[in-house]
Amino acid sequence: MGTAKPLTNRDVVRILREIAALLEIKGENRYRILAYQRAADAIEHLGRDLHALWQEGRLDEIPGVGEAIAAKIDELFRTGRLEYLERLEREYPRTLIELLDVPDLGPKRVRTLYEQLGITTLDELEQAARDGKLRTLPGFGAKTEAKILEGIQRLRRRSDRTLLGVALPRALDIVQTLREQVGSALVEIELAGSLRRRKATIGDMDIVAAAHDPDAVMEAFAALPQVAEVLWRGSTKTRVRLHTGDEVDLRVVAPERWGTALQYFTGSQAHNVRLREMALAQGLSLSEYSFKREDGSEILCAHEEEVYATLGLAWVPPELREDWGEIEAARMGTLPRLVTLNDIRGDLHMHTTASDGRLSLREMVEGARRRGYAYIAITDHSQSLGMVNGLDVERLRAQRAEIRALQVEYDDILILQGAEVEIKADGTLDYPDDVLAELDIVIASLHTALRQPREQITQRLLNAIRNPHVDIIGHPTGRLLLKRDGADLDMDAVLQAAAETGTVLEINASPERLDLDPVYVRQAIARGCLLAIDTDAHHTDDFANMQYGVWQARRGWAEARHILNTRSREAFEAWLASRRAS
DNA sequence: GCCGTTTTCGGCCCGACTGTTTTCAGTCG
């Protein structure tokens, strides 16, 4: 029994994926590989601490984790090691896994590279390609060699994912331009893939269209001004690289096949695999073109709803399509009624020029009124965050007078004075309790010392959650997408404490944060936590980010009733009063 | 390796495109 800190869910997911990758290179049975990948997916979506689940002896409750994988997880938690993986690594070095990231290199070719040339790293691969050694291998040629060399350069340069907030406007711009160029010949066009599912980060962009003359659409697509390079071009599928570096796929189908095509290209892959398995059980083969009966005849679906209906399912909102229980819910008729942007009545987290915001108090209030909000909270930073001009107690009180004066001018919006109070490295809050008590609403957030050990940083957050003056925890984990992982928190404990105290957890709508993650949104709801979707606006332009927060809430299966700021002004004020009374 | 509204054994998604092929393997989504 080691004394090292227990492995996190992420560690176990990484190990299971390593096993899957090495088994692929080894050429193992594909279903065994799939089993490891499915188990990794399930743990990624767990929302609970795997180690805690293991201690309770409940690993068998995880779908996709059977006897063999449970035994491996058990060994990992007991000993910190895994004999099976170590044996595998002696056969095929783990560095081979990074070679799989090179475009056009899959497990078969990686194995050939290793067995024939002894290549184990990117550097060695690059050298061999430069020396012209690759083209001599079976299944390789001069073209493949050149593509691999280019792929290595590209891999070293670019990060492989883009923020939804960056990718979505670019993709919508492509769609818009294409509409203008092709005109009425374009019957349908939609974003698909992870863009349509509104994942927080996007890999490649997928666009799907329906047209009677697919060639004309392909032609126009390849010729768009945004396109830098056509990567490949077929009769139904074209792939391009934009000047921005993004890779975009366009698929065009006949209008009568629009439903199956849109469904298929929206994914996720795991969701689609499940649907196809269901189809097979009914004697149907589902593809992006149609359902095929065993006699070869087809069922066409012009609309996505028909695809689901054919399988006996309710239509599933794209944000839920992750094989995360939505298929079962669609069968039972128990899909959630997801929150929408229309449900939002206010915004409880924003900054002004008093701290690091870019607009004045009045400008922010007027921006919120233009959005039709019934209430807002002004929540500038607290004193210890000097970098962003955090407010000391004196300035905080001066701001309150300003807010009260402004409130007199406007009766159509409730203006609360809050603060985004720093949870300091020592676990104390940045204002004393009596100052917190003067505020209308209090957000507590972590910004500093995010790398503290799990025990310590969890305790810090729990202190804040249990402080009776704290109403909301801002961006709970502190993650910055594609830049910085969140704090190593015991989320089981955090969600439990929030549920017990009624402290609200924020879904921060800033596209760089989108924190809580949907995995925890869902778990928070399951535990009875209340959530709020806030923009953390530093400018009225940021109010538009609310949509991103709503999408992530939807990905976490949130309904309007789970979100505090969907409540009417009266209901919201009643909630505030109850917080103050307790 | 997992799993069961046709199965505790025998299944486990489907198609496009490229390059190296002389009829197809590998990769990708």
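The values are calculated or read from the model by the stated rules, or taken from the named source; none is laboratory data. Please read these numbers as outputs of a predicted model, since none were measured by experiment. With ideal geometry, Cβ positions are generated from the backbone for all residues, glycine too; neighbour counts draw on all protein chains shown. Accessible surface areas use protein heavy atoms only, side chains included; no ligands, DNA or RNA. Shrake-Rupley method; radii C 1.70, N 1.55, O 1.52, S 1.80 Å.
For segment A:26-70, which GluC sites (Glu not before Pro) are in a loop by DSSP, counting at most 13 other Cβ atoms within 10 Å?
A:Glu56
Which one, A:Val230, A:Gly245, A:Gly132, is farthest towards the positive end of the dipole of chain A when Lys and Arg carry +1 and Asp and Glu -1 on their Cβ?
Value: A:Gly132.
I'm checking a number: the convex hull volume of the Cα atoms of chain A, normalised per residue, in Å³. What is it?
Spelled out: Cα convex hull of chain A, divided by residues, is 181 Å³.
So for chain A, taking the charge dipole from beta-carbon charges (+1 Lys/Arg, -1 Asp/Glu), which of A:Leu100, A:Gln547, A:Ala146 sits furthest toward the positive end?
Positive-most Cα among the choices belongs to A:Ala146.
Among the trypsin sites (Lys or Arg not before Pro) within segment A:298-400, which fall in a DSSP loop and have no more than 12 other Cβ atoms within 10 Å of their own Cβ?
Answer in residue order: A:Arg337.
Give the distance, in whole Å, between the Cα centre of segment A:448-500 and the Cα centre of segment A:266-312.
The two parts, judged by their Cα centres, are 43 Å apart.
Hey, got the Cα dimensions of segment A:199-318 along the principal axes, in Å, largest first?
Ordered largest first, segment A:199-318 gives principal extents of 45, 34, 19 Å.
Return one whole number: the accessible area per residue of segment A:1-160 in Å², for a 1.4 Å probe.
56
With +1 assigned to the C-beta of every Lys and Arg and -1 to the C-beta of every Asp and Glu, and no other charges, what is the dipole magnitude of chain A about the Cα centre in debye, to the nearest 20?
1020
What accessible area per residue, rounded to a whole number of Å², is obtained for segment A:258-332 using a probe radius of 1.4 Å?
Ligands and nucleic acids excluded, the result is 42 Å² per residue.
Rounded to a whole number, what % of the accessible area of segment A:287-410 do carbon and sulfur atoms account for, probe 1.4 Å?
50
Where the centroid of each part is defined by its Cα atoms, how far is segment A:5-82 from segment A:97-139 in Å?
29
For a quick check of your reading of the filter: which GluC sites (Glu not before Pro) in segment A:284-345 sit in a DSSP loop and have no more than 15 other Cβ atoms within 10 Å?
Answer in residue order: A:Glu294.
Considering the alpha-carbon set of segment A:115-177 alone, what are its Rg and its Dmax in angstrom?
17.1, 49
Dividing the convex hull volume of the Cα atoms of segment A:11-79 by its residue count, what figure in Å³ per residue is obtained?
It is 78 Å³ per residue.
Computing the accessible area with a 1.4 Å probe over protein heavy atoms, can you report the carbon and sulfur percentage for segment A:74-229?
Taking all protein chains in place, segment A:74-229 shows 45 percent carbon and sulfur surface.
Run lengths n ≥ 4 of DSSP H only: what is the helix-derived mean residue ellipticity at 222 nm for chain A, with -39500 (n - 2.57) per run over all residues, to the nearest 500?
Mean residue ellipticity, 222 nm, calculated: -13500 deg cm²/dmol.
With 19 Å as the limit, write out which pairs from A:Lys26/A:Lys147; A:Lys108/A:Lys147; A:Lys108/A:Lys237; A:Lys147/A:Lys199 have Cα-Cα distances beyond it, or answer none.
A:Lys26/A:Lys147; A:Lys108/A:Lys237; A:Lys147/A:Lys199, as the Cα separations exceed 19 Å there.
Provide, in order from the shortest bin, the percent of all Cα-Cα pairs of segment A:341-581 in each 5 Å bin, continuing until the bin that contains the maximum pair distance.
Percent of pairs per bin, in order: 1, 7, 15, 20, 22, 18, 11, 4, 1, 0.
How high is the relative contact order of chain A, given as a whole-number percent (alpha carbon pairs under 8 Å, six or more residues apart)?
So the answer I get is 9 percent.
Going by average Cβ neighbours within 10 Å, how do the peptides A:109-122, A:464-477 rank, with the highest at the top?
Ranked by mean Cβ neighbours within 10 Å, highest first: A:464-477, A:109-122.
Counting only heavy atoms of the protein chains, get the accessible area per residue of segment A:341-581 (1.4 Å probe) and round it to a whole Å² value.
About 37 Å² of surface per residue is accessible.
Once you compute Rg and the Kirkwood Rh from C-alpha atoms, what is the Rg to Rh ratio for segment A:1-41?
1.11
Taking every pair of alpha-carbon atoms in segment A:152-249, give the share separated by more than 23 Å as a whole percent.
22
Quantify, in whole percent, the carbon and sulfur part of the accessible surface of segment A:464-514 (1.4 Å probe; protein heavy atoms only).
46
Leaving out ligands, DNA and RNA but keeping every protein chain, what accessible area does A:Met332 have, in Å² rounded to the nearest 10, with a 1.4 Å probe?
140
Kindly sort A:Lys483, A:Lys237 by accessible area of their heavy atoms, largest first, with the probe set to 1.4 Å.
Sorted descending by solvent-accessible area, the residues read A:Lys483, A:Lys237.
Quick one: Debye curve from the alpha-carbon atoms of segment A:9-157 only, equal weights, vacuum; give me log10 I(q)/I(0) at q = 0.15 Å⁻¹ to two decimals.
Normalising to I(0) and taking log10 leaves -0.79.
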